[in-house]
1. So ARG77 ticks every box in (1) buried (at least 16 other Cβ atoms within 10 Å of the Cβ); (2) over 20 Å from the mean Cα position of the chain (by Cα); (3) under 20 Å from GLY261 (Cβ atoms) but one. Which box is left unticked?
2. Are there any pairs with C-beta distances below 6 angstrom linking a residue in segment 12-25 that is surrounded by 13 or more Cβ atoms within 10 Å (Cβ to Cβ) to a residue that is modelled with pLDDT of 95 or more and basic (Lys, Arg), with the two at least 6 apart or on different chains, and if so which?
3. Restricting the search to segment 101-129, which residues are farther than 24 Å from GLU253 by Cβ and either buried (at least 23 other Cβ atoms within 10 Å of the Cβ) or at pLDDT 95 or above (or both)?
4. How many residues are among the small types (Gly, Ala, Ser) and touching a residue at least 40 places away in the same chain (Cβ under 8 Å) if we restrict to segment 210-238?
5. So, in segment 228-242, how many residues would count as being surrounded by fewer than 22 Cβ atoms within 10 Å (Cβ to Cβ) and out of contact with any His (no Cβ under 6 Å at 6 or more places or on another chain)?
6. Can you tell me how many residues in segment 194-212 are surrounded by 13 or more Cβ atoms within 10 Å (Cβ to Cβ) and among the acidic types (Asp, Glu)?
7. Conditions: (1) under 20 Å from the mean Cα position of the chain (by Cα); (2) in the same structural domain as LEU157 (by TED's automatic domain parsing). ILE259 meets all but one. Number of the miss?
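The values are calculated or read from the model by the stated rules, or taken from the named source; none is laboratory data. In this text the structure is predicted, and so the values were computed from the model without any measurement. Please note: Cβ atoms are built from the backbone with ideal geometry, for glycine as well, and neighbour counts cover all protein chains shown.
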Amino acid sequence: MTVAEEFGRRAARADALAAEGGAAVPLLRFAGELLRAQGRVASALAAGGPPPLSGSIAADLPRLLPLQRAFLELLRRSSAPEVAEEAGRLLEGGDEEGRRRLLASWSAEASGASDFLSRAFLRPCLETLRAAGHRPDRPPSDTGCPFCGGPPGVGFLRVEAETHGAGRHLVCSFCGGERALERIRCPGCGETDPAKLPVFRSERHPGVRLEACEACRRYVKAIDLGVDARPLPEVDDLLSVALDLWAQEEGWERLEPGIAGV
């Protein structure tokens, strides 16, 4: 499956979940719009022929800036008013503003330190690099993704025959890469004391866990694929946004927002 097709698969899942109704419909509709716009970026990069990107942000900017403008034009018509307004403002800033924000987002150790629209645009770029095996020139991270250094946006548990149990995996919010991580470890600060790593659940969302850390007061949401194997973790994450709101009220901070910026 190509990178563009993978974005299309996620968009289709968002559309299917939105059709079922519920409180998450606005978020799911926006996620579908965003994923399709990201898929167009991935398609455009693939159309350029190999190698689509070098991994050097300075070298790749001339290729990226026109694609960024097209991406923002799509989101300027988004169903999410705040996103549409921000896309319009960024377009009004021209290539210089787009360049500045892409460079800031690329060099940030965590995308929470940069802006949502630049992070969203860079996601298909980094997925394209990962698919091609071209490592990006981003700052390394002791606890982040081994490919690009990005923080995890969501996790999932999957039953694995070789371990006779559910293995824990994290999905990088920057490049979409998956990596395994031991169950008793905070992916943010590395804490390994089980007494400081509580897990919160809700009867309303039986297949969802908030894996928290009292040392850094952050958490990662994880989807248990042993309960239901159908979800795409980054998309299905949006169904349980009420758990994120509860966690924030209790003083917890999500390690990294999900694909819709929540």
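1. Only one criterion is unmet by ARG77, namely (1).
2. ALA18/ARG29
3. Looking only at segment 101-129, we keep the residues that are farther than 24 Å from GLU253 by Cβ, and these are 102-103, 121, 124-125, 127-129.
Passing the criteria: LEU102, PHE121, PRO124, CYS125, GLU127, THR128, LEU129.
4. We begin by selecting, within segment 210-238, every residue among the small types (Gly, Ala, Ser); these are 212, 215, 222, 226, 229.
Checking the rest, the ones that are also touching a residue at least 40 places away in the same chain (Cβ under 8 Å) come to 212, 222, 226.
Residues that pass the stated criteria total 3.
5. Within segment 228-242, the subset surrounded by fewer than 22 Cβ atoms within 10 Å (Cβ to Cβ) is 228-232, 239-242.
Still in the list and also out of contact with any His (no Cβ under 6 Å at 6 or more places or on another chain): 228-232, 239, 241-242.
Qualifying residue count, segment 228-242: 8.
6. Going through segment 194-212, the residues surrounded by 13 or more Cβ atoms within 10 Å (Cβ to Cβ) turn out to be 196-198, 200-202, 205, 207-212.
Next, only the ones that are among the acidic types (Asp, Glu) stay: 211.
So the count comes out to 1.
7. (2)
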